[in-house]
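What follows is one structure encoded as structure tokens, with my remarks underneath.
The values are calculated or read from the model by the stated rules, or taken from the named source; none is laboratory data. Worth saying up front: this structure is predicted, and the values here are computed from it rather than measured. Here the Cβ is made from the backbone with ideal geometry for all residues, glycine too, and neighbour counts use every protein chain on show.
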Amino acid sequence: MIMNPHEAREAELELLRSMYTVGKELIFHNEPCVDVTDLKSLDQEYIFVNRSVYFTLKVCDKAELSVQLPAGYPSGDPRNPVPPVITVRLLSIAPANVNERKVSSRFNEWLVEAASEGEPVICSAIDWVLNELNQPTPTSTAVDASEIRESKVAESVICLWIVSHHIRSPLKRKLIQEWAAELKLGGVSMPGRPGIVVAEGEAQNADEYWRRLRGLQWKHIQLRDREVYGTGSYKELRFADGFQEVFLSHQSRFAWLHNRGITSNQFTLVFGIPGRLPQSVSVD
């Protein structure tokens with residue numbers, strides 16, 4: 001029997017629950033409220049797929065995966081794949097000669113290809129990480145100095161795209177800006193409905209920023225993308241002048257971001273609608 005894509009996601013989560021201790025190795029931050037055994041009793045079509053699922057997973061005490069399954073994952077359609085957002089962090093027990101930044105960079109490249117078919121990939125991602133950490137490493141540790149400098153810049157800087165149902169609370173707006181300043185992040189906060197936060201900076205600081213933000217009480221908040229500097233169209237830093245709050249209409253948001261080097265494709269990936277610049281008005 002061919003499994004419905006919606007059932008496939010819940011089946012994948014059930015498999016993880018059977019493999020790892022929930023609450024210790026596997027920690028859900030917004031536990032799905034619908035069990036796969038209840039699906040056939042629902043009159044509505046698998047409504048749980050319309051929400052995202054966020055969890056962290058400790059893999060053999062060597063690595064921790066922060067995973068977000070967006071609404072619609074897995075799509076089951078290679079023409080319209082919905083990839084998960086996965087961040088790899090090495091724990092202190094991981095091999096000392098393993099470079100976390102390089103592992104993360106290679107993993108992101110693997111994930112882009114693996115998720116392109118629209119199929120569940122979390123178990124495959126776990127296998128990839130385990131294989132990577134268990135590979136024998138060469139005895140020679142000599143590395144070209146220029147390669148080290150490039151990797152420090154290219155693999156340590158990320159750009160997070162965070163979308164909230166709305167941002168109105170004065171306290172949240174204050175924390176968004178104060179935490180960005182504390183963690184030395186550039187970016188922008190766009191209050192309104194939906195609310196948008198873009199944060200750029202050192203990966204460790206940016207991930208801590210996201211951890212803090214999602215810990216606040218939100219109606220809905222989601223990490224839509226985690227860009228790694230030097231990949232795709234992300235070739236130049238966009239927010240070197242710091243973090244700011246701007247109030248813009250929906251129609252003006254892309255134009256503002258476009259001036260910072262954001263492409264229409266990136267805007268579409270995050271928001272699901274094409275980024276369009278205002279039509280110039282001709283004057284006779």
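Scanning segment 101-111 for any residue that is crowded, with 18+ Cβ neighbours inside 10 Å, assigned by TED's automatic domain parsing to the domain that holds residue 9 and β-branched (Val, Ile, Thr) turns up at least one such residue. Say whether the condition of being at positive phi, in contact (Cβ under 8 Å) with a residue 40 or more places away in the chain and small (Gly, Ala, Ser) is met by at least one residue in segment 204-223. Checking segment 204-223: not a single residue is at positive phi, in contact (Cβ under 8 Å) with a residue 40 or more places away in the chain and small (Gly, Ala, Ser). Applying the condition of being closer than 13 Å to residue 162 by Cβ and of a type in the set (Val, Ile, Thr) to segment 193-230 and asking which residue is surrounded by the most Cβ atoms within 10 Å (Cβ to Cβ) yields 197. Within segment 210-260, the set of residues being closer than 18 Å to residue 272 by Cα and in a strand (DSSP E or B) comprises 221, 222, 223, 224, 225, 226, 227.
Just one of the listed residues (92, 52, 116) is more than 23 Å from residue 28 (Cβ to Cβ), small (Gly, Ala, Ser) and at pLDDT below 85, namely 92.
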